[in-house]
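The next block holds one structure in the form of structure tokens; read it before the comments.
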Amino acid sequence: MTTGLDQPDRHCRDALVALTAEFDGVLPREVLSGTVLAARRDLDGQVARDSLTEMLYHLAHHRLDRLRIGA
């Protein structure tokens, strides 16, 4: 099933820019973008569109932070 969420949208791009500022050099870019896309898929239909970028950032940040500390 193709949902169209395998490609970054505005929300993904905005979240990725912010997360790259914090995680660049700590985790590979592919991990950052893959985590953002996975979080976007998980939030699809669960969050109001006007809150999506912020919630996407927080969910992806949480997941990336766990990867960074190895939890």
Legend entry - Every residue from region 48-62 that is open to solvent by less than 80 Å² (accessible area, probe 1.4 Å) and either part of a helix (DSSP H, G or I) or of a type outside the set (A, V, I, L, M) (or both): Ser51, Leu52, Thr53, Leu56, Tyr57, Leu59, Ala60, His61
Inset, instruction - Within region 23-39, identify whether any single residue is touching a Leu at 6+ places or on another chain (Cβ under 7 Å), closer than 22 Å to Gly70 by Cβ and not in a helix (DSSP H, G or I), and answer yes or no. - result: yes
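The values are calculated or read from the model by the stated rules, or taken from the named source; none is laboratory data. The structure displayed is predicted, hence computed values, not measured ones. Backbone-built Cβ (ideal geometry, glycine too); neighbour counts: all protein chains shown. These area figures cover heavy atoms from the full protein model, side chains too; ligands, DNA and RNA do not enter into them. Shrake-Rupley method; radii C 1.70, N 1.55, O 1.52, S 1.80 Å.
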